[in-house]
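Chemist: Right, I'll just put the structure down here and ask away after.
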Amino acid sequence: MQKKSVFIILSFLFIFSMPFSRSTPNRYHNGIPIQSLKRECSIPNQIILKVIQEYSGKKLIPRLLLHQYGFDIKAVRRHHITDYFIVETFNDCDTENLIKNLKADPLISDVSLNYIASITVDRPNDTFFQFQYALYNYGQVYYPTQNKMGNRGSDIKALDGWDWSIGNEDVVIAILDTGVAVDHEDLINKMVPGYNFIDDSVDAYDDNGHGTFVASIAAADTNNSTGVAGVSWNCKIMPVKVFDSQGLGDYLTIASGIRFAADREVKILNLSFGGESDSFILRDACRYAYDRGCVLVAATGNDASQVLYPARYDSYCIAVGASDAYDEIADWSNYGQEVDVVAPGVDVFGAIFSPSEPGNLQLYGWGSGTSFAAPHVAGAAALLISYKSDLTNSQIMNLIKYTADDVNDFVYPGVDVYMGYGRINLNTLLGPFPLN
Amino acid sequence: MKKLFFLVFLLIFWFQLFSAEKEITVNDLDFTTGLRASYCDTKIVFSDDEIETSLIYMVLALEVDFDIVDFLSIGVIAGYNWSRFENPLSITSLPLSLEIEERANRSMVFGLNLKSEFFSSGDFSIFAKAEFIYFKLFKQEREVNLSVVSGSATIQHWFYRATLDLILKYHGFQAIVPFLGPQVNIIGGELKVTEDIEDITGEEELTHHQKNLFGMVGGILYDFGRDWQASLEVNLFSQLSITIGIFYQF
């Protein structure tokens, strides 16, 4: 080999022919057996007419026809692309009868409502899922008899959250309430034994209906083609009856129920009740459960005043106010610096048990109150514990707060006395937060 | 597998050392220097939950090879690399799960290789190469901006690549030497992510390794001028990589 005396500086132009291409991110799904369904409803007060071809250019024909049948019409206009007539009716219009009349008319070739389709998304197949705007709000009519629609996106992002956790059977939510109708069709497979501190018995059956409704929001049997979806699909419910049929319970009884649940290693206690008075009886019970690692989720109250106890025990409980289908605070939701988060609590849909119809275990309906906001948070906590079992109760409660959406930041940016940190968001709570 | 890798190398080295003892002549610091650039796309698996992704990196490095003895040379490698994961990586074991996007990271690389053309017959020769490259990534700090609160996440990632090639070279052409052979390809590393959001802290360490151990290596060497050599090397099966280099022999 020949030696060189001078070191030659090498220069080289490298062209990397293989680009750093971006590709579709892989997400790791639970493998949940969920179905793709299409929602079908129509634009309210709107009918689409197809007039026979020879009259299709004459705008007056439909209006004259409608008057002929005795229907008062708000407006008629022609659609510029299809040439169909769009008929705007009033709220009190008997649409069904109108369509029936028009279909029989020889000048009308077809009549239809203006149906709404939506993109296909993964969602559970529970019968009344479309009424549960709290879980998935795509602007649907969630309360048909009152024609109530919400704002798309004003929900707890349950569909996204369920991609990461649908709950484990070994996570139990204690419902400290009026009991639970344990044989309701959408709860019967979700129960674990509880206790009745009113009658001092093991029969914690509901005699009011409140507890059944709360339980169904937190953990109804989900994706079973029946009833409603619970926030936590697979978590179990422990009924702890501490309220009587009138919805009243004394602090000592409630404290007994809290301690009972904490001693049975229940990780989440839903406390959808409140009292105006502070007492060591309730405070000590909450501390007892908290010190045993329980997550205590409490409703703030429904009288637009200060936060009730036990939600007011800021060190031990996560206090939950109620928001609506527009991500606005319910005007009756209690407020104060103790409010941690809000969840939908206005016209939320759940399982109904009516003591006057004890045999009817297929009832469902709407209800409002911070009582029904709290179980959304209890369900969220159950999903998180199922997914990350090594988290402490303090971490869980803080994560629920920190991952909430500050939905009223345009008027009260940051933590405020009405919505606390904001409306809970299961996607941020459970899914990975993208680092930029 | 690391033990096997070094065992094979030692066997080749000692076999050659003792069998050719009398022929060994140490030259006066003969060395070759050059630049090489590599693009590599290799499948890796995170051990804990078997998440599979691709590690993609580019390396621009200076390599200096010293001939220790006639049949053995040692190379020292230093350079720079850009690396990233093919897909966003979800770290779900932290209190707040984090998703690391595929932004490229930069770091220094350091490496060593041993090369030996220990057998030849006619126009053919057999060449062995063992190489170890260590990639130390810079520590990165990212912001975690939630709706109301903020925090930070720190990402640290290092990895190494060790290869053992057994190559058949053909010297029948005038200036071009094609080569082909099997390759053992080992990649190992660790990704450490910490988060600090208000009073919530967490730390996660994930180790990863190569998905495929065995592959093929092939390419050509092209001698030009009196002391220059260019190389093109392609690795297949265990990884997809292309390396081009230009070397000057002093």
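Bear in mind that the values in this text are calculations on the coordinates, not laboratory data. As the structure is a prediction and not an experimental result, all values here were calculated from the model. Glycine also receives a Cβ, built like all others from the backbone with ideal geometry; neighbour counts cover every protein chain displayed.
Chemist: Sort A:M397, B:M58 so that the residue with the fewest other Cβ atoms within 10 Å of its own Cβ comes first and the one with the most comes last. Please list the in-between numbers first.
Modeler: Working: A:M397 23, B:M58 19.
Listed from fewest to most nearby Cβ atoms, that is B:M58, A:M397.
Chemist: What percent do you get for the relative contact order of the stretch A:148-430 when only Cα pairs under 8 Å and 6+ apart count? List each step's numbers first, then the result.
Modeler: Numbers: 778 pairs, mean separation 62.9, N = 283.
Worked out over the stretch A:148-430, it gives 22 percent.
Chemist: Further question on the same structure: Counting other Cβ atoms within 10 Å, keep those with at most 12, restrict to DSSP loop, and tell me which chymotrypsin sites (Phe, Trp or Tyr not before Pro) in the stretch A:89-198 are left.
Modeler: When the chymotrypsin sites (Phe, Trp or Tyr not before Pro) of the stretch A:89-198 are filtered for loop state and at most 12 Cβ neighbours within 10 Å, A:F90 remain.
Chemist: Sticking with this structure for a sec: So what's the protein assembly as shown giving for Cα Rg divided by 2.2 N^0.38 Å, two decimals?
Modeler: 1.34
Chemist: How big is the antiparallel share of DSSP beta bridges in the stretch A:282-436, given as a percent to the nearest 5?
Modeler: Among the beta bridges of the stretch A:282-436, antiparallel pairing accounts for roughly 40 percent.
Chemist: Also, quick follow-up: Each residue of the stretch A:252-268 in order: what ³J(HN,Hα) in whole Hz does its phi give by Karplus 6.51 cos²θ - 1.76 cosθ + 1.60, θ = phi - 60°, with x for Gly and Pro?
Modeler: 5, 5, 4, 4, 4, x, 4, 5, 4, 5, 4, 5, 9, 6, 6, 8, 10
Chemist: Answer rounded, prolate or oblate for chain B, using the Cα gyration tensor with square roots of eigenvalues a ≥ b ≥ c: rounded when a/c is under 1.5, else prolate when a/b is larger than b/c, else oblate.
Modeler: prolate
Chemist: With θ set to phi - 60°, apply the Karplus curve 6.51 cos²θ - 1.76 cosθ + 1.60 along the stretch A:356-363 and write out the HN-Hα couplings as whole Hz, x wherever there is a Gly or Pro.
Modeler: 6, 10, x, x, 8, 10, 10, 8
Chemist: Can I ask one more? Run through the DSSP bridge list for the protein assembly as shown and note the antiparallel percent, rounded to the nearest 5.
Modeler: Roughly 85 percent of the DSSP beta bridges within the protein assembly as shown come out antiparallel.
Chemist: When a/c reaches 1.5 or more, the comparison of a/b and b/c decides; with that in mind, is the stretch A:148-430 rounded, prolate or oblate per its Cα gyration tensor?
Modeler: rounded
Chemist: Starting from the Cα gyration tensor of the stretch A:289-396, take the square roots of the eigenvalues, sort them a ≥ b ≥ c, and report rounded, prolate or oblate (rounded when a/c is under 1.5, otherwise prolate if a/b is larger than b/c, else oblate). Don't jump to the answer; show the numbers that get you there.
Modeler: Working: a/c = 1.91, a/b = 1.26, b/c = 1.51.
It comes out oblate by the Cα gyration axes.
Chemist: Follow-up. In square nanometres, what is the average projected area of the Cα convex hull of the stretch B:53-184? If you can, show how the numbers build up before the last one.
Modeler: Details: hull surface 42.2 nm².
Orientation-averaged projected area of the Cα hull: 10.5 nm².
Chemist: Out of the stretch B:115-189, which chymotrypsin sites (Phe, Trp or Tyr not before Pro) are coil in DSSP terms and have no more than 15 other C-beta atoms within 10 Å?
Modeler: Counting only loop positions with at most 15 other Cβ atoms within 10 Å, the chymotrypsin sites (Phe, Trp or Tyr not before Pro) in the stretch B:115-189 are B:F138, B:F173.
Chemist: Still on this structure: Taking H placed 1.01 Å from N in the peptide plane, check which residues at least 5 places from A:L271 or on another chain put their amide H under 5 Å from its amide H.
Modeler: Those lying under 5 Å, H to H, from A:L271 are A:V297, A:A298, A:A299.
Chemist: Further, regarding this structure: What residue among B:G75, A:M238, A:N137 has its Cα farthest toward the positive end of the dipole of the protein assembly as shown, where the charges are +1 on Lys, Arg and -1 on Asp, Glu, each on the Cβ?
Modeler: Farthest towards the positive pole: B:G75.
Chemist: Here's something else I'd like to know. In the neighborhood of A:K190, defined by Cβ-to-Cβ distances under 12 Å, what is the net charge if each Lys or Arg adds +1 and each Asp or Glu adds -1? Let's see the in-between values first.
Modeler: Details: positive: A:K236; negative: A:E169, A:D183, A:E185, A:D186, A:D221.
Here the count lands on -4.
Chemist: Calculate the dipole size of the stretch A:148-430 relative to its Cα centre from +1 charges on Lys and Arg beta carbons and -1 charges on Asp and Glu beta carbons; express the result in debye to the nearest 20. Present the calculation step by step, with values, prior to reporting the outcome.
Modeler: Working: 16 positive and 38 negative charges, 109 e Å.
Charge dipole, the stretch A:148-430, about its Cα centre: 520 debye, nearest 20.
Chemist: Follow-up question, since we're still on this one. Filter the trypsin sites (Lys or Arg not before Pro) in the stretch B:94-188 to those in DSSP coil with at most 16 other Cβ atoms within 10 Å of their Cβ, and list the result.
Modeler: Taking the stretch B:94-188 and a limit of 16 other Cβ atoms within 10 Å, the loop trypsin sites (Lys or Arg not before Pro) found are B:R103, B:K139.
Chemist: Using θ = phi - 60° and the Karplus form 6.51 cos²θ - 1.76 cosθ + 1.60, what ³J(HN,Hα) does each residue of the stretch A:423-436 get, whole Hz, x for Gly and Pro?
Modeler: 7, 4, 9, 5, 5, 6, 5, 9, x, x, 7, x, 8, 9
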